Amino acid sequence: MSEKKILIVDDEPNILMSLEYAFKKKAFQVYVARDGTEALEIADEYFPDVVLLDIMMPHLDGYETLKRLRANKKLSHTKVVFLSAKSKEADLKKGLELGVDSYETKPFSIKRIIAKVEDLIS
Amino acid sequence: MGNIALIMIIISYLALLFLVAFLAEKNRESKWVNNPYVYTLSLAVYCTAWTYYGSVGIASKSGIRFLAIYLGPVIAMPLWIILMRKIIRISKQQKISSIADFISMRYGNNRLLGALVTITCLIAVIPYIALQLKAVSETFELLIGDNGFYTKGILFDTTFYIALLIAIFVAFFGTRSSDASKRKQGIATAVAVESLLKLVFFLIIGIYVTFYLFDGTSDIYEHAAKTANFKQLASFGGLQEGFNWLFTICLSFFAIFLLPRQFHVAVVENQHETHLKKAIWLFPLYLLLFNVFVIFIAWAGNINFNGPVNADYYSLLLPLQKGHTTFAVMVFIGGFSAVISMIVVSTLALSTMVSNNLVIPYGFVKRMATATPESNSSSVKNLRRIAIFMLIIVAYFFYVKFSKELSLYAIGLISFVVISQLAPSFFLGLFWRRGTAKAAKIGIAVGLLIVLYTLIGPMLANTNAPPGTMHASGLFNLPYLTPESNAFFWSITGNLLCFLVVSVRSKGNYRERNYAEMFVNNSNYENLQENAFVWKGEAYVADIRQLLNRFLGESRTLRALDIFNRRYGISEKEERADARLINFSEKLLTGTLGSASAKMLLASVSKEKPVSLLEVLTILEETKETKATNKLLLEKSKELEQLTALLKSANQALLSQDKLKDEFLDTVAHELKTPITSIKAASEVLQDDDMPKALRKRFLTNIENDTKRLTTLIHNILDLEKLSNKRAELELKRGKLDATIKRAVDGVRPIANLKDIGIKLEYTRSVYAHYDEDRMLQVLTNLLSNALKFTDAGKGAIKIQMSSFGDEVRVAVEDNGKGIPKDEHRYIFQKFYQSKNQNIKKQQGSGFGLAICQKIIEGHAGRIWSDETIKTGARIVFTIPLEK
């Protein structure tokens, strides 16, 4: 199995740091982005297998980022997981409509996320 | 003009009236017949030949005195909305058909009083009718150029035939129903049409005289000014004349209510109370129009005629003199209209009064009680028809015998003086409970006697003397009053005094008291079932049914009783009649027979027991109590309604607060989750034992920072809530604001230096104000922190301004950073303010700061806002009062 690529997008550097460490430990090729715009650039360049996407971000929010990711044909295999403090059903439904693969609410368990990501790409 | 031609015109005009009345009767429910305009125009039956011709006569001799007769009604009209509405309501409720019924019912259905009122009306109105006939006759003669008067004998006198035709008209349209309280649309409509005609024709002749014969009003004035006694005609006559004016206005004020024909058109023919609203301005307007040209026609007549012509007929003589026969005929038809409408309505009203108040209660009623319904109905109708013919014939003979030498104005005024004798018992009866039947009878009788002595006596004695000399000496010989004013003054004074004194000294019986209460306080009793408290006794439904059968016929009786039983939920098998049925039946019969007869008839089939004063008082008290309770209930229900509304709005407020709270909690939760997520994630990765030490330390520092962030957040939330709920006491002290600003700036200076941002204080003066220094520091630090946060390192510049405006000091913190989006200035002070797009994250840390600042500044009674006019950067301004 070749090295899997994961893109983690969150505006909170501390959260980003923890996730980056955990996935590196699991032998992922990890990319990080601080906002949606940055995330789109990186994805377009490295077409990651998985994107962990925060919803509430400055400039470009998670929903819009997802929409544009989905519009990129090079990224048809890419799985997207929302990470958000938003836990209302309406938010969930909106994500699913936009074609998100999975959803994790903050505060999350890193172990669970790793398991979910591995499940998605296996 | 030819005799035959004029008669043909008269006959075709009468035929036209028959047609109008016929069509109106046929379309009784049409809106062409039932509208406020017909109502108002029918009120103009007030304007008779006296107005049409007599005003000109008076104006030619005595100037503008004729106006007083129209000022009374004009003054009365606004009162109608209260007074007439009350009268109409009572009348409709009690099926009253004439003023005699109205007054006699007010005083307990008193038979003698009804008769007395009827007689008063006859005395007042018959000469008045005669006067109308005289006008027709004289104008007829003038038009055909004959001065023969009635010398040819009755059978050759056109006036006699005209009178007969009018009688036929009234008899035909006025007695279609035996219930006299029913409206007679045919007659009312014909009268309205005539009112319109007489006004239009009078205006036409006025315009013809003023603008055709002369060159407008000023031309007439110039000519008239040269006539002999012009000065006297164009001015008031000082104080004495003032009294005469006053009395004449009073007379006409009473007349508009009391004249039988006015009562008939205003009350009996009223279809809807709302018609009054139109009438109160339209009728005065009608009177005004009618009087516009009077003075000019009078002056024109005075200029053109010097000989012994009758000034009353100037409007006819002027076109005749010029040979304009068409105009003359028009004037004649207008006057004829005035005459006919007056005679028609007067005889109609009088015939009802004669039959219901004079004939039926005295003798007829007993015979009728045993007759069949058909014969009763036809005897009532026939009685009225006979009365109509008799009245007109009597009036005709009066005219032949007496009115030859009298002026229209004199007879008109006498008539008014006589009818005004009803005023005390009528008006006071509406508002004063104590008035009694005995007092009313004595008052009217005394008043009538005085009038007889002072006015009518001298008139009858001097029929052959020229007008003006006949009643030279009035009572007590007050030289400055005209005979009419004198008679009016003394008779009404005597009448009123008797009425008051006798009322106070005597006590009416229970019926009088009860009806008094009902009339005075009618709004209270409108809803009382059939005014049931005025009767007590024993009666059987079968007897009453039989009685009603005789007068209404079986089918109408059946229908009426059916309605009655259903309205009050009474079983058909009920044998005993209660007070409500007695009153209901009495009302049914009143319309046909008058109130006095109705009372007598019901008394014959029941055993009435007098209701004692105590009982009456109890019933009244109960009614009052019920009313008070109702009022209380109404108030309570209103209070409840208000309370409900209050609750509703409170609930609404709570709901919206709830929603705000929800949103607030949502945002708080979100804000708290971020550092917690960070802490949790760091803790998880820290479990990895292989982590290098340096990295481990970084994670631990992150945890510490996030914990601090959490603490600050919680502190801020609590602080804001405390400030919002006014639980945070501000310690206001007098202090130097510039010193506080300096402390705040010193606090943030290290960060500013780090980012290489300059902070400039743009003021020199010291300002003292009352404020809580710690809180003020919080505000300033917050504003400065924001300014530092949003400006770029190295390029930033922050300015602080302070100045006092009036009684407040204004502080502004300005930066040259990225600024605030144009449409978001208003929102930045909200808790957890976020940009429009909810999912775009705000700049870190700005969730609470400004909201807290706003609360603190508001706590100081100041204001805080974001300056929208600034082009680059942001500028937050706040004010606080200089003194407490």
State whether the protein assembly as shown is rounded, prolate or oblate according to the following rule on the C-alpha gyration tensor (a ≥ b ≥ c being the square roots of its eigenvalues): a/c under 1.5 gives rounded; otherwise a/b larger than b/c gives prolate, and the remaining case gives oblate.
prolate
What list of ³J(HN,Hα) values in whole Hz, one per residue of segment B:276-287 in order, does the Karplus curve 6.51 cos²θ - 1.76 cosθ + 1.60 (θ = phi - 60°) give from phi, with Gly and Pro shown as x?
4, 4, 6, 4, 5, 10, 6, 5, x, 5, 4, 4
Summed residue charge, Cβ within 12 Å of B:Y53's Cβ, Lys/Arg positive, Asp/Glu negative
0
Which is the longest part of chain A that has none of the trypsin sites (Lys or Arg not before Pro) sitting in a DSSP loop with at most 16 other Cβ atoms within 10 Å?
A:27-87
Give, as a single signed number, the net charge of other residues whose beta carbon lies under 15 Å from the beta carbon of B:M691, with Lys and Arg counted +1 and Asp and Glu -1.
+2
Summing +1 for each Lys or Arg and -1 for each Asp or Glu, what net charge is found among the other residues whose Cβ lies under 13 Å from the Cβ of B:S766?
+3
Rounded, prolate or oblate: which one fits segment B:378-455, using the alpha carbon gyration tensor with axes a ≥ b ≥ c (rounded when a/c is under 1.5, else prolate when a/b beats b/c, else oblate)?
oblate
Identify all lysines with a Cα-Cα distance to B:K722 below 26 Å; exclude those on the same chain that are fewer than 8 residues away in sequence.
B:K659, B:K661, B:K673, B:K708, B:K733, B:K831, B:K842, B:K855, B:K884
Taking θ = phi - 60°, what integer Hz values does the Karplus form 6.51 cos²θ - 1.76 cosθ + 1.60 yield along segment B:319-327, in sequence order, with x for Gly and Pro?
x, 5, 4, 7, x, 8, 5, 4, 4
Please give the helix B:68-94 orientation as an angle from the longest Cα principal axis of chain B, in degrees from 0 to 90, rounded to the nearest 10.
80 degrees
Dividing the mean separation of Cα pairs under 8 Å (6+ apart) by the residue count of chain B yields a relative contact order in percent of 14 percent
Rounded to 10°, Cα long-axis angle of helix B:373-401 versus longest principal axis of chain B
70 degrees
The lysines whose Cα lies under 25 Å from the Cα of B:K631, excluding any fewer than 8 residues away in the same chain, are B:K86
What do you get for the angle between helix B:737-755 and the principal long axis of chain B? Use alpha-carbon atoms, 0 to 90 degrees, nearest ten.
50 degrees
Assuming 1.306 mPa s and 10 °C, estimate D for segment B:733-881 with Stokes-Einstein, Rh taken as the Kirkwood radius over Cα pairs, in µm²/s.
102 µm²/s
Can you bin segment B:1-80 into rounded, prolate or oblate? Criterion: square roots of the alpha carbon gyration tensor eigenvalues sorted a ≥ b ≥ c, rounded for a/c under 1.5, prolate for a/b above b/c, oblate for the rest.
oblate
Sum of -39500 (n - 2.57) over DSSP H runs of 4+, divided by residues of chain A (222 nm, nearest 500)
-13500 deg cm²/dmol
Residues whose built amide H sits under 5 Å from the amide H of B:A577, excluding neighbours closer than 5 in sequence, are B:A539, B:Y540, B:V541
Here segment B:160-168 yields Karplus 3J(HN,Hα) values (6.51, -1.76, 1.60; θ = phi - 60°; whole Hz; Gly and Pro given as x) of 4, 5, 4, 4, 5, 4, 4, 4, 4
How much length would be gained if the chain were fully extended between B:K607 and B:Y453, taking 0.36 nm per residue of separation minus their Cα-Cα distance, in nm to one decimal?
51.0 nm
Using helices alone, I'd like the mean residue ellipticity at 222 nm for chain B: each DSSP H run of four-plus residues gives -39500 (n - 2.57), total over residue count, nearest 500.
-21000 deg cm²/dmol
Under the rule of at least 5 residues apart or a separate chain, name every residue whose amide H is placed under 5 Å from the amide H of A:V32.
A:I8
Mean projected area, convex hull of alpha-carbon positions in segment A:5-117, reported to one decimal in nm², is 6.1 nm²
Where does the longest stretch of chain B lie that holds no GluC sites (Glu not before Pro) found in a DSSP loop with 14 or fewer other Cβ atoms within 10 Å?
B:30-272
Can you tell me the Rg and Dmax of segment B:529-610, counting just the alpha carbons, in angstroms?
11.5, 33
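Read-outs: derived from the displayed coordinates by stated rules, not from any lab. A quick note: this is a predicted structure, and the numbers were derived from the prediction, not measured. Quick reminder, even Gly has a Cβ in these numbers, built from the backbone with ideal geometry, and neighbours come from all protein chains shown.
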